[in-house]
Amino acid sequence: MISREVCSDQFQEECALTDEKRDTAIDRKLLDLLVCPLTKGPLVYDQGKSELISKLAHLAYPVRDGIPIMLPSEARTITD
């Protein structure tokens, strides 16, 4: 029998991993389906910045808690 304290510790570790992944990860299938709402062009995921990059529109759409925010008003302009 596993003690309640061990289960609690295990659960907290799993939650911490889940929270960490949630902040940076985006579902691969979703990424394959998404396009830039302005250009309808492809998006590239930048995991370090947690953004979806539209090279055609020069915009970076934020990804918050694993959810892409595909509003041009929320996007950051990219200067090359």
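The simple Förster model, with R0 at 25 Å and r as the Cβ-Cβ distance, assigns Leu31 and Ile78 a FRET efficiency of 0.85. Counting charges near Leu71 (Lys, Arg +1; Asp, Glu -1) among other residues having Cβ under 14 Å from its Cβ returns a value of 0.
Each Lys or Arg adds one and each Asp or Glu subtracts one; over the other residues with Cβ under 13 Å from the Cβ of Asp46, this totals +2. Among Lys55, Lys29, the order by Cβ neighbours within 10 angstrom, fewest to most, reads Lys29, Lys55. Cβ crowding within 10 Å ranks Thr79, Thr39 as Thr79, Thr39, fewest other Cβ atoms first.
None of the figures in this text is laboratory data; all of them are computed from the coordinates on show. Since this is a predicted model, take the numbers as computed values, not measurements. All Cβ positions, glycine included, derive from the backbone under ideal geometry; neighbour counts span all protein chains shown.
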